[in-house]
Amino acid sequence: SVAGKERAFLVWADEHRYVQVAQAVRDVTMRGDLVIASQFAGAVRYYAGRETLNYDGLDGAWLDRAVAWFQERGVRVYLMAYDWEVEDFRRRFAGENTLSFLDAAPMFTVAGAGAMHLFDFQDAGRTQPTIQMKETPPPRAECVIPADPPPPVPGRR
């Protein structure tokens, strides 16, 4: 059948990367932290229970202000991005001071169809080795239970 030839019944195995990466984010971050992302924003919020900010909607001159606003409220800020997204992120927010965190090693990298990285905005001098993971599809299709929703950000209406 066309569906079989086009791998329609195996899409879940390819898409499981979003669950795996979100669960890795959950394991190294705290409830109440913020993850800035594009491709992974929905998965991180749904499967990790972390507040997310999709940077596609953030003005190029507002990264420093947005990060500062969250940090002033005690929220730790991260970036989750594919390799190609990191370069887009640099271009989009060129001139913003907070980009210096991208010069440090990421907290973790997941190798798969594309390398995905988690960077910590507060740790621009990070010297610890990057945790290396490999994308691994589950042995069978499964329904993954979503995480509890993130707590509200203090001072946000």
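When ranked by the protection proxy of mean other Cβ atoms within 10 Å per residue, highest first, what sequence do the peptides 125-133, 25-33 form? Walk me through the intermediate numbers first.
Numbers: 125-133: 11.3, 25-33: 16.6.
For the peptides 125-133, 25-33, the packing ranking is 25-33, 125-133.
Which net charge results when you count Lys and Arg as +1 and Asp and Glu as -1 among the other residues whose beta-carbon is under 14 Å from that of residue 93?
-4
How would 100, 1 line up by accessible area, probe 1.4 Å, largest first? Walk me through the numbers before you get to the answer.
Numbers: 100 60, 1 105 Å².
Largest accessible area first, the list is 1, 100.
Determine the calculated [θ] at 222 nm for the chain from helices alone, applying -39500 (n - 2.57) to every DSSP H run no shorter than 4 residues and normalising by the residue count; nearest 500 deg cm²/dmol.
Mean residue ellipticity at 222 nm (helix-derived): -8000 deg cm²/dmol.
Could you work out the longest stretch of the chain that avoids the GluC sites (Glu not before Pro) located in DSSP loops with at most 12 other Cβ atoms within 10 Å?
Value returned for the longest uninterrupted segment is 7-141.
Could you give the accessible area per residue of the chain, probe 1.4 Å, as a whole number in Å²?
In whole numbers, the chain has 55 Å² accessible per residue.
Over the range 1-110, what relative contact order in percent results from Cα pairs under 8 Å that are six or more residues apart?
Values: 105 pairs, mean separation 26.0, N = 110.
Across the range 1-110, relative contact order equals 24 percent.
Run the simple label-point estimate for residue 140 and residue 128 please: 7 Å along Cα→C-beta, distance reported in nm.
Going from the residue 140 label point to the residue 128 one covers 3.6 nm.
Summarise the accessible area of the chain (1.4 Å probe, protein heavy atoms) by the percent that is carbon and sulfur.
54
Tell me the angle of helix 83-92 to the major Cα principal axis of the chain, expressed in degrees between 0 and 90 and rounded to the nearest ten.
Value to nearest ten degrees: 30.
The values are calculated or read from the model by the stated rules, or taken from the named source; none is laboratory data. Just so it is clear, the structure is predicted and the values come from calculations on it, not from any experiment. Cβ coordinates were reconstructed from backbone atoms using ideal geometry, including for glycine residues, and neighbour counts include every protein chain displayed. Remember, those area values only see protein heavy atoms, side chains included, never the ligands or the DNA or RNA. Shrake-Rupley method; radii C 1.70, N 1.55, O 1.52, S 1.80 Å.
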